[in-house]
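Beneath this line is the structure, given in structure tokens, with notes to follow.
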Amino acid sequence: MSIQVDNLSKVYGKQTAVNSINFNIPTGEIVGFLGPNGAGKSTTMKMLTGYIPPTSGGGSICGIDIVEDSLEVRKIVGYLPENNPLYLDMYVKEYLTFMGGLSGVKDVNKAVEHVLNITRLIPERHKKIGQLSKGYRQRVGLAQALIHDPKVLILDEPTSGLDPLQVVEMRNVITDLGKDKTVLLSTHIMQEVEAMCNRVIIINQGHIIADDSLEALKQNNDLGLEDIFKNLITQKQID
Amino acid sequence: MWTIYKKEIRSFLGSFIAYVVMGVFLVLTGLFLWFVEGNNVFDLGVASLQVMFDIAPYILIFLVSAITMRSIADERKLGTLEIITTKPVTDTSIILAKFLAALTLIVFTLIPTLVYYYAIYQLATPVGNVDTGSALGSYFGLILLASCYTGIGLFSSSVTDNQIVSLLISMVLSFFFFAVLSMLGDIAWLDAVGRSLSWFGLEFHYNSISRGVIDTRDAVYFIGFTAVFLGLTKLVFESRKW
């Protein structure tokens, strides 16, 4: 299993953000992590990447415990946080070199060349990040997550705020990456999932309410993904 | 850790902060040492850098706070803290790297003032009749003092995501620990209490080292003081995990 999550919970004060969730993702899958805003998607991802520890429960990535061996986990995970934070006053290449160094990459120059190629950033490599458009910045964020050739990619809303063309391009890059990496990406855009993912996990108010392959979900419900999502979420609220 | 250290140094150099800090320090200490009426070297007629060493701690309060104000606050605001803390580096090494980078800049800020030492050395009669031991001790004291200010600065930067707030907290705390505590020692009615409080102040130990006698107790005090503030910084840094 690439990603394994067991009874993972996060409580902020009195509010339960993530309530004892379980899921497994085998190697090589692209999984869409769906849910309305505030459902607990980002919190789950933050726990998997070691930014915050879980309140209870735990998980592992490629068999390495996310709490006990957080530093080891970070070596094999690439993470693009929500809103794609960047140092705006650094140059693209300089930033990626810095990130490579932080991730413990041995041949940093080669790694930087490689990710610049994948994300098609070669022409922009000598520009300041602050000068780039949103689409290019998103690519820099993705390049940063890829710099140490991670086995697992965790992407928090990788396409938010991009124009339609950029969205398509970003999807292609991610689909390509999914060929030899395990990808967990969050979104609240349905088309996104249909375009990229083999499998969907839907989370609402901290609970997992669906976890199935895309085809199975559609067959069982005989509806479009958007309607399935709406139904599941309203059902839960009535319960 | 050295990756972050190098990046911090480069950002000091790239954003001109380094040059401004060095320039301001050199100009201000120069003004007080040579030009300000009443207290300058010529008025006093003594070949000593004492004037500079008296004023430098106050200039450093301002400069160190300015250097450190953005180091954590800015990362928090930009959200890049989430990026670097999810890379395979420990929180401790992030803080230490930022601390060492700021301290390095301060050490390089002090170096140009050696020109003043040379000038004094030449002015003295006979040439070279200066208290080198005291000057060395004072430089050493300034570096230790700057390390304490840097600790305070990083701590202030970690408690907020606003650089101005961080600057103000850092200046107030530094001033309190340097000057206010030692002023308490001079208040008559506080008597022994005041004097022991002044022992906790930075000025007491700075003056002691300035005399040219490097006492282990003073060195331990400065290093301990820095460690406490770096520890507090780490505590705030990790508060996201509670």
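Normalised by the number of residues in the range B:142-242, the average gap of Cα pairs under 8 Å and 6 or more apart makes the relative contact order 34 percent. Per-residue mean of foreign Cβ neighbours for A:83-92 is 4 (Cβ atoms of other chains, 10 Å radius). Per residue, the Cα convex hull of the range A:66-190 amounts to 108 Å³.
If you take all other residues with their beta carbon under 12 Å from the beta carbon of A:Arg125, and give Lys and Arg +1 and Asp and Glu -1, the sum is +2. Considering helices alone, the calculated mean residue ellipticity of chain B at 222 nm is -23000 deg cm²/dmol, with DSSP H runs of length four and up weighted by -39500 (n - 2.57) and normalised per residue. The charge dipole of the range B:9-100, taken about its Cα centre with unit charges on the Cβ of Lys, Arg, Asp and Glu (plus for the first two, minus for the last two), comes to roughly 440 debye. Take every pair of alpha-carbon atoms less than 8 Å apart whose residues are at least six positions apart; their mean separation over the length of the range B:2-241 yields a relative contact order of 23 percent.
The slack in the chain from A:Asn172 to A:Ile122, taken as 0.36 nm per residue of separation less the alpha-carbon distance, amounts to 16.2 nm. By the beta-carbon count within 10 Å of each Cβ, the least crowded to most crowded order of A:Glu124, A:Glu169, fewest first, is A:Glu169, A:Glu124. Measuring how big the range B:2-241 is from its alpha-carbon positions, Rg and Dmax come out at 19.0, 64 Å. Compared with the dominant Cα axis of chain B, that is its longest principal axis, helix B:17-30 is turned about 20°.
Of B:Thr3, B:Ser182, B:Gly133, which is farthest towards the positive pole of the range B:2-241's charge dipole, taken about the Cα centre with +1 and -1 on the beta-carbons of Lys, Arg and Asp, Glu respectively? Result: B:Thr3, furthest along the dipole toward the positive end. A simple charge model with +1 on the Cβ of Lys and Arg, -1 on the Cβ of Asp and Glu and nothing else charged puts the dipole of the range A:112-154 at about 220 debye relative to its Cα centre. Does anyone have the angle between helix B:216-237 and the longest principal axis of chain B? Alpha-carbon axes, 0 to 90°, nearest 10? Computed tilt is about 30 degrees. Ordering A:Val140, A:Asn172, A:Ala210 by Cα displacement along the dipole of the range A:125-224 toward the positive end leaves A:Val140 in first place; charges were set at the Cβ atoms of Lys, Arg (+1) and Asp, Glu (-1). Computed over the alpha carbons of the range B:72-200, Rg followed by Dmax gives 19.8, 61 Å.
If only the Cβ of Lys and Arg carry +1 and only the Cβ of Asp and Glu carry -1, the dipole of the range A:130-233 around its Cα centre is close to 360 debye.
Peptide B:70-81 shows a mean partner chain C-beta count of 2 within 10 Å per residue C-beta. Within the protein assembly as shown, DSSP assigns beta bridges of which about 55% are antiparallel (rounded to the nearest 5). Over the protein assembly as shown, the Kirkwood radius and the radius of gyration, each from Cα atoms, give a ratio Rg/Rh of 1.10.
As I understand it, the dipole of chain A uses +1 on the Cβ of Lys and Arg and -1 on the Cβ of Asp and Glu, about the Cα centre. Which of A:Gln4, A:Gly78, A:Thr97 lies farthest toward its positive end? Sorting the options by dipole projection puts first A:Thr97.
Relative contact order of chain A: 26 percent, from C-alpha pairs under 8 Å at least 6 residues apart in sequence.
Counting only alpha carbon atoms, the long axis of helix A:108-118 and the longest principal axis of chain A meet at about 60°.
Other residues lying with their Cβ under 15 Å from the Cβ of B:Asp186 contribute a combined charge of -1, Lys and Arg counting +1, Asp and Glu -1.
Taking Lys and Arg as +1 and Asp and Glu as -1, the other residues whose beta-carbon sits under 10 Å from that of A:Asn22 total -2. Highest mean first, the peptides A:151-164, B:142-155 sorted by other C-beta atoms within 10 Å per residue fall in the order B:142-155, A:151-164. To the nearest whole percent, what portion of all C-alpha pairs in chain A is separated by more than 22 angstrom? Roughly 53 percent, once rounded to a whole number. Among the GluC sites (Glu not before Pro) in the range A:8-76, those located in a DSSP loop and surrounded by at most 11 other Cβ atoms within 10 Å of their own Cβ are A:Glu68. Rounded, prolate or oblate: which one fits the range B:124-242, using the alpha carbon gyration tensor with axes a ≥ b ≥ c (rounded when a/c is under 1.5, else prolate when a/b beats b/c, else oblate)? Taking the square roots of the gyration eigenvalues as a ≥ b ≥ c, the range B:124-242 is prolate. Here the Karplus relation 6.51 cos²θ - 1.76 cosθ + 1.60, evaluated at θ = phi - 60°, turns the backbone of the range B:145-157 into coupling constants of 4, 4, 5, 5, 4, 5, x, 4, x, 5, 4, 4, 6 Hz, with x for every Gly and Pro.
Quick note: the coordinates plus some simple rules give every number you see, no bench work behind them. It should be emphasised that the depicted structure is a prediction, and the values quoted were computed from it without experimental measurement. All Cβ positions, glycine included, derive from the backbone under ideal geometry; neighbour counts span all protein chains shown.
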